[in-house]
1. So residue 109 passes all but one of these: (1) outside any helix (DSSP H, G or I); (2) without any contact (Cβ under 8 Å) to a residue 40 or more places away in the chain. Which condition number does it fail?
2. Only one of 93, 55 is closer than 27 Å to residue 110 by Cβ, of a type outside the set (S, T, N, Q) and surrounded by 18 or more Cβ atoms within 10 Å (Cβ to Cβ). Can you tell me which?
3. Of the residues 92, 107, which is over 14 Å from the mean Cα position of the chain (by Cα) and of a type outside the set (Asp, Glu)?
4. Write out, first by first residue and then by second, each pair whose Cβ atoms fall under 6 Å of each other, whose residues are 6+ apart or on separate chains, and whose first residue, in segment 7-22, is among the β-branched types (Val, Ile, Thr) while the second is surrounded by 13 or more Cβ atoms within 10 Å (Cβ to Cβ) and part of a strand (DSSP E or B).
5. Among the residues in segment 67-81, are any closer than 17 Å to residue 22 by Cα and open to solvent by 70 Å² or more (accessible area, probe 1.4 Å)?
6. With at pLDDT 95 or above and open to solvent by 40 Å² or more (accessible area, probe 1.4 Å) as the only criterion, which of 62, 2 stands out?
7. Pairs only if they're at least six apart or on different chains, beta carbon under 8 angstrom, first in segment 75-88 and closer than 11 Å to residue 63 by Cβ, second hydroxyl-bearing (Ser, Thr, Tyr) and open to solvent by 50 Å² or more (accessible area, probe 1.4 Å); list them, first residue then second.
8. In segment 21-50, how many residues are outside any loop (DSSP other than H, G, I, E, B) and either crowded, with 19+ Cβ neighbours inside 10 Å or among the aliphatic types (A, V, I, L, M) (or both)?
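The values are calculated or read from the model by the stated rules, or taken from the named source; none is laboratory data. Predicted model only: the values in this text are computed from it and were never measured. Neighbour counts are summed over all protein chains in view; Cβ atoms, including those assigned to glycine, are modelled from backbone coordinates with ideal geometry. Quick note on the areas: whole protein, heavy atoms, side chains included, nothing else; ligands and nucleic acids left out. Shrake-Rupley method; radii C 1.70, N 1.55, O 1.52, S 1.80 Å.
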Amino acid sequence: MQANNFVKKLGKEHEEGIEFCKASDANLIRLLGQAVMNGKWFLVENVGTELDPSLDPILNQQIIKEGAGYTIRIGEKNVEYNRSFKFFMTTTLPNPHYSPETCVKVTLLNFAITPEGLEE
């Protein structure tokens, strides 16, 4: 919850804005493609320990140079890649464990820091 609020607040300050949806949303790939083209920030909420394989091009930053611009494969089609695009994922799992393959694709931040934890 804390991470969602933090990212949403930052995204609202971004020139193009932020889009967000749940990991289980059937429109995830369509919304992600629109965000990539429009240079919006995109937040996927409630991600589990297994990630949708269709997110791999984003996570691996598989950007292709085409002429003067860039494209990336989202789902079944290539879409224009806007350099202002940023991608975020959050989970509600208290102590998630991701595979090493996933860990090398993302930067993990723990928003569950407590004052006691900082003192240790």
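1. (2)
2. Details: 93 fails: surrounded by 18 or more Cβ atoms within 10 Å (Cβ to Cβ).
Among 93, 55, only 55 is closer than 27 Å to residue 110 by Cβ, of a type outside the set (S, T, N, Q) and surrounded by 18 or more Cβ atoms within 10 Å (Cβ to Cβ).
3. Numbers: 107 fails: over 14 Å from the mean Cα position of the chain (by Cα).
Just one listed residue meets the conditions, 92.
4. Sorted first by the residue in segment 7-22, then by its partner, the pairs are 7/43; 7/88; 18/41.
5. Within segment 67-81, not a single residue is closer than 17 Å to residue 22 by Cα and open to solvent by 70 Å² or more (accessible area, probe 1.4 Å).
6. Working: 2 fails: at pLDDT 95 or above.
Answer to the check: 62.
7. Note: pairs meeting the criteria are 80/70; 81/70; 83/70.
8. So in segment 21-50, the residues outside any loop (DSSP other than H, G, I, E, B) come out as 21-22, 28-38, 41-45.
Keeping just the survivors that are either crowded, with 19+ Cβ neighbours inside 10 Å or among the aliphatic types (A, V, I, L, M) (or both) gives 28-29, 31-33, 35-37, 41-45.
Within segment 21-50, residues that are outside any loop (DSSP other than H, G, I, E, B) and either crowded, with 19+ Cβ neighbours inside 10 Å or among the aliphatic types (A, V, I, L, M) (or both) number 13.
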